[in-house]
Amino acid sequence: MPDKKEKDFDDVTLFLGDYGPFQITLIFLLSLFIIPNGYMGVVFVFVSDTPDFHCKVNEKWNLNSSYVQDFTFTERSSSVGPDGCSRYKERLNSSQVSPSNDTEACADGWDFSKDIYTATIVSEWELVCDNAWKVPFSSSLYFVGVLTGSFVCGNLSDRIGRKPVLFLTMAMQCITALIQAASVNWGMFTMLSCLRGFGLTSCYTTSLILGSEILSPKPRMAYNLLGQSVGFGLGYALLPLFGYFIRDWRMLLVACAIPGLLVMPLWWVVPESPRWLLQKNRLKEAEAVIRKAAKMNQVSTPDIIFPSKECLDQMKSNRDERNSYTCLDLLRTSNIRIITLMGIFMWFTCILVFSGLSLNTSNLNGNKYLNCFISAVIDIAAYIMTWVMVSRMSRPIFVFSSMMFCGILLLIIQLVPDDMDTVFQALALSGRFGISAAYSIMFVFFIELMPTVVRNTGLGIFSTTGRIGSILCPYIIYLGVYNKGTPYIVFGSMSIVASVLTLFLPDTRNNKLPELISQVQPVHRHCCPNKGTSAHSPNLRAGKWRRAPSVDKQRHHFTGGSIC
């Protein structure tokens with residue numbers, strides 16, 4: 001007698017439809033979590049910017065001289081000293097004291113221009129000259145916090161749930177920002193930056209996982225690209241607006257923290273992932289989420305959504321055999337091991353290049369607020385283009401095209417003459433468009449590649465390695481001091497290598513999310529998939545995965561992928 005066909009989560013919840021009131025509401029609510037992340041991650045652009053500065057004028061100098069009065073700040077800077085870190089020594093001239101041509105250190109501190117900012121951490125704590133290293137160090141420690149949070153919260157959400165980690169990380173970065181606004185010294189500010197970074201990427205990733213596990217394939221793509229990515233871009237675009245009207249760094253942090261706190265009451269509205277609840281054997285709670293969704297969509301539900309009696313019997317008999325999955329399971333089989341290693345390199349490269357071009361954009365000539373806004377508009381355009389094209393192209397081909405486009409343009413930059421700044425900036429912004437498109441689809445692609453049992457752990461590791469790239473990025477940019485084209489050679493070369501590796505990954509478009517490690521689609525042994533083993537082959541769509549390692553059978557007889 002043939003075995004009864006097992007249904008997966010998407011089959012069981014098919015009656016909910018794709019774009020009902022429940023799905024639209026969920027997409028909107030989860031996207032609200034991402035908008036604060038869009039500006040929290042780059043608020044350093046204005047908080048730690050260095051305004052024009054020069055040494056304080058020696059009090060013994062003649063205050064009525066032209067060296068002090070009736071001069072603009074720039075003219076006064078050149079009169080006080082040859083640069084911002086030294087000043088002319090005093091010279092006795094008759095009965096008056098005035099500058100000489102000899103220089104000395106800024107013994108009395110510095111004066112900072114207030115043409116753009118009322119105050120930044122640089123002007124408040126005089127982080128210039130010998131203390132200038134503290135500014136990039138603060139940014140590096142922020143990304144160390146992001147790195148740590150990506151790893152810790154990725155595993156934590158697989159253990160205690162997507163929803164608690166989502167709200168915890170949002171609260172952490174907002175409350176920390178409020179405390180950071182009251183920092184009394186640079187050390188306190190830096191340590192709080194690390195804590196604030198701890199929750200940023202974890203909040204983004206967990207929100208992405210939560211929505212992807214609840215939604216069906218069609219709205220999942222709209223959520224990932226339009227809800228999440230465009231929401232992030234809108235948050236980025238709000239930053240220059242906040243910064244333009246709030247020129248003091250303390251009040252700017254307060255303004256950035258408040259919107260994140262306003263989403264906390266959504267705890268009573270946003271549901272937990274039913275897939276995760278099934279993984280944790282909490283069938284009644286998972287069924288309650290589905291019934292509430294059906295009620296909002298005004299569709300009828302079957303009397304029994306998940307056959308709990310059979311499932312509970314299986315769970316009870318196999319309780320001792322089921323253990324929690326860990327990051328070591330990402331290396332358990334050769335197939336998922338290859339995907340994991342490729343993902344680590346691809347995420348490292350993508351975030352490294354994305355961060356590098358972001359630094360370049362912030363340093364473009366012209367108005368800093370306008371440059372920041374242009375950068376956000378480019379990101380939003382890339383995300384919308386990704387949404388339009390991703391349903392028409394396979395995932396590997398799209399990522400390959402985007403990263404290859406970026407890599408080629410970055411390698412061409414070194415051929416541009418030094419006096420052609422406009423061409424240089426156009427190529428850099430075009431390259432950013434390509435890497436932004438690849439970055440937006442990277443989350444979607446690897447969510448679809450990784451199985452539910454280790455999905456958030458895997459995404460946490462990928463994000464962690466990517467943040468190592470963001471930490472190393474300033475040092476690669478610094479190589480431009482010796483050769484202007486060196487950073488772009490590094491970025492372009494790595495982007496091209498990562499794009500080629502993408503062709504070995506299977507296409508996950510229009511496929512169901514794998515639940516078990518044994519259901520992960522096989523990688524291609526050649527750049528192009530062999531006939532009959534593509535991501536759209538009948539066997540894969542029917543759930544007949546090519547490999548079925550015994551690890552899943554031994555460790556997890558019941559999961560959310562097989563509804564008994």
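The values are calculated or read from the model by the stated rules, or taken from the named source; none is laboratory data. If you're wondering where the values come from, they're calculated on a predicted model, not measured in any experiment. Note: ideal-geometry Cβ built from the backbone for every residue, glycine included; neighbour counts use all protein chains shown. Only protein heavy atoms, including side chains, enter the accessible area calculation; ligands, DNA and RNA are left aside. Shrake-Rupley method; radii C 1.70, N 1.55, O 1.52, S 1.80 Å.
Is it the case, given these coordinates, that residue 312 is modelled with pLDDT under 70 and either open to solvent by 50 Å² or more (accessible area, probe 1.4 Å) or touching a Pro at 6+ places or on another chain (Cβ under 7 Å) (or both)?
yes
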Counting only residues that are over 17 Å from residue 432 (Cβ atoms) and either modelled with pLDDT under 75 or not hydrophobic (A, V, I, L, M, F, W, C) (or both), segment 462-473 contains a total of 4
Among the residues of segment 329-360, how many are of a type in the set (Gly, Ala, Ser) and either within 13 Å of the chain's Cα centre (by Cα) or within 30 Å of residue 46 (Cα to Cα) (or both)? 3
Being among the aliphatic types (A, V, I, L, M), at pLDDT 75 or above, closer than 18 Å to residue 150 by Cβ and in a helix (DSSP H, G or I) is true for just one of 459, 501. Which residue is that? 459
Quick check on segment 137-154: of everything there that is open to solvent by 50 Å² or more (accessible area, probe 1.4 Å) and of a type in the set (A, V, I, L, M), which residue is farthest from residue 473 (Cα to Cα)? 152
Test of understanding: among 189, 232, 137, 242, which residue is under 26 Å from residue 447 (Cβ atoms) and either in contact with a His (Cβ under 7 Å, 6 or more places away or on another chain) or not polar (S, T, N, Q) (or both)? 232
Are any residues in segment 285-300 of a type outside the set (A, V, I, L, M) and assigned to a helix (DSSP H, G or I), and if so, which ones? 285, 287, 291, 292, 295, 297
Cross-chain or 6+ apart pairs with Cβ under 7 Å, segment 129-141 first and hydroxyl-bearing (Ser, Thr, Tyr), then open to solvent by less than 40 Å² (accessible area, probe 1.4 Å) and assigned to a helix (DSSP H, G or I): 138/189; 138/190; 138/193; 139/44; 140/471
Of these, 49, 3, which one is part of a loop (DSSP other than H, G, I, E, B), open to solvent by 60 Å² or more (accessible area, probe 1.4 Å), modelled with pLDDT under 85 and of a type outside the set (Lys, Arg)? 3
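Taking into account only those residues within segment 240-256 that are surrounded by fewer than 24 Cβ atoms within 10 Å (Cβ to Cβ) and touching a helix residue (DSSP H, G or I) at 6+ places or on another chain (Cβ under 6 Å), which is nearest to residue 436 (Cα to Cα)?
Checked segment 240-256; the qualifying residue nearest to residue 436 (Cα to Cα) is 240.
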Only one of these is among the aromatic types (Phe, Trp, Tyr) and more than 15 Å from the chain's Cα centre (by Cα): 137, 143. Name it. 137
Within segment 28-46, restricting to residues that are β-branched (Val, Ile, Thr) and open to solvent by 10 Å² or more (accessible area, probe 1.4 Å), the one that is farthest from residue 194 (Cα to Cα) is 35
For segment 368-390, give me each residue that is touching a Pro at 6+ places or on another chain (Cβ under 9 Å) and open to solvent by 60 Å² or more (accessible area, probe 1.4 Å). 370, 373
Would you point out the residue of segment 99-120, among those that are buried (at least 17 other Cβ atoms within 10 Å of the Cβ) and over 14 Å from residue 51 (Cβ atoms), that is modelled with the lowest pLDDT? 99
Return only the number of the condition from (1) of a type in the set (D, E, K, R); (2) surrounded by 20 or more Cβ atoms within 10 Å (Cβ to Cβ); (3) in contact with a strand residue (DSSP E or B) (Cβ under 7 Å, 6 or more places away or on another chain) that residue 126 does not satisfy. (2)
State which residue pairs qualify: first residue closer than 19 Å to residue 286 by Cα and open to solvent by less than 10 Å² (accessible area, probe 1.4 Å) and inside segment 155-175, second residue assigned to a helix (DSSP H, G or I) and not hydrophobic (A, V, I, L, M, F, W, C) in any location, beta carbons under 6 Å apart, and separation of 6 or more residues or different chains. 157/206; 157/456; 162/206; 165/157; 165/206; 166/206; 166/207
Tally, over segment 315-341, of residues that are open to solvent by 30 Å² or more (accessible area, probe 1.4 Å) and at pLDDT 80 or above: 3
Looking at segment 218-239, can you tell me whether even one residue there is closer than 23 Å to residue 458 by Cβ, open to solvent by less than 10 Å² (accessible area, probe 1.4 Å) and hydroxyl-bearing (Ser, Thr, Tyr)? yes
Considering only residues that are closer than 30 Å to residue 12 by Cα and open to solvent by less than 50 Å² (accessible area, probe 1.4 Å), which ones fall in segment 257-270? 266, 270
Determine which single condition residue 483 fails, assuming it passes every other condition in (1) of a type in the set (S, T, N, Q); (2) farther than 28 Å from residue 393 by Cα; (3) part of a helix (DSSP H, G or I); (4) open to solvent by 40 Å² or more (accessible area, probe 1.4 Å). (3)
Of the residues that make up segment 389-400, is at least one touching a Leu at 6+ places or on another chain (Cβ under 7 Å), among the aromatic types (Phe, Trp, Tyr) and part of a helix (DSSP H, G or I)? yes
Filter segment 52-68 for residues that are among the polar types (S, T, N, Q) and out of contact with any Ser or Thr (no Cβ under 8 Å at 6 or more places or on another chain); the one that is modelled with the highest pLDDT is 58
Members of segment 283-298 that are closer than 20 Å to residue 211 by Cβ and open to solvent by 10 Å² or more (accessible area, probe 1.4 Å): 285, 287, 288, 289, 291, 292, 295, 296, 297
